[in-house]
Amino acid sequence: MRRRKRTFSKKAVRWLVIIALFDLQLSYLLAFMGREQIAETLSITVVTEIIAVMLGYFIKSFQETKEEENVRLIEEQRRGEENQVFMEVTRMGVEDENQ
């Protein structure tokens, strides 16, 4: 089974989301203390941050995965072409020996 690497961006997104969720809880504390307007503004800002960070990370991950897949397909195609050339050269060598 393949183990997934923890890249810098994955760690950074993880910490940003943890901090954002903590900040979101602070808005409830502010609302409890009677600062509803500040709590509402904070909540909107934090939710926007979470969406922006996650959306950016998803786009980056999709692009990386797509590029890795393209590289894998190109390498597979190159190997297939090399095998085909090898088979043709081998076949030509066998035909030359038979003549």
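Please treat every number below as a calculation from the coordinates, not as lab data. All figures in this text were calculated on a predicted structure; none of them were measured in a lab. With ideal geometry, Cβ positions are generated from the backbone for all residues, glycine too; neighbour counts draw on all protein chains shown.
When the trypsin sites (Lys or Arg not before Pro) in region 33-98 are filtered for DSSP coil states and for at most 11 other beta-carbon atoms within 10 Å of their beta-carbon, no site remains.
Extending 7 Å from the Cα toward the beta-carbon at both E68 and T90 defines two label points whose distance is 3.2 nm. Taking other C-beta atoms within 10 angstrom as a stand-in for reagent exposure, S9, S27 fall in the order S9, S27, fewest first. Helix 8-32 and the long axis of the chain differ in direction by around 20°, with both axes built from C-alpha atoms.
Working value for region 8-98: equivalent-ellipsoid semi-axes of 62, 9, 5 Å, each the square root of 5 times a Cα gyration tensor eigenvalue, largest first. Beyond 14 Å, the tail of the calculated P(r) for region 1-54 holds 59 percent of the Cα pairs. Each helix, a run of at least 4 DSSP H residues, gives -39500 (n - 2.57); summed and divided by the residues of the chain, these come to -33000 deg cm²/dmol at 222 nm.
The label-point distance for A31 and L16, in a model that sets each label 7 Å from Cα toward Cβ, rounds to 2.5 nm.
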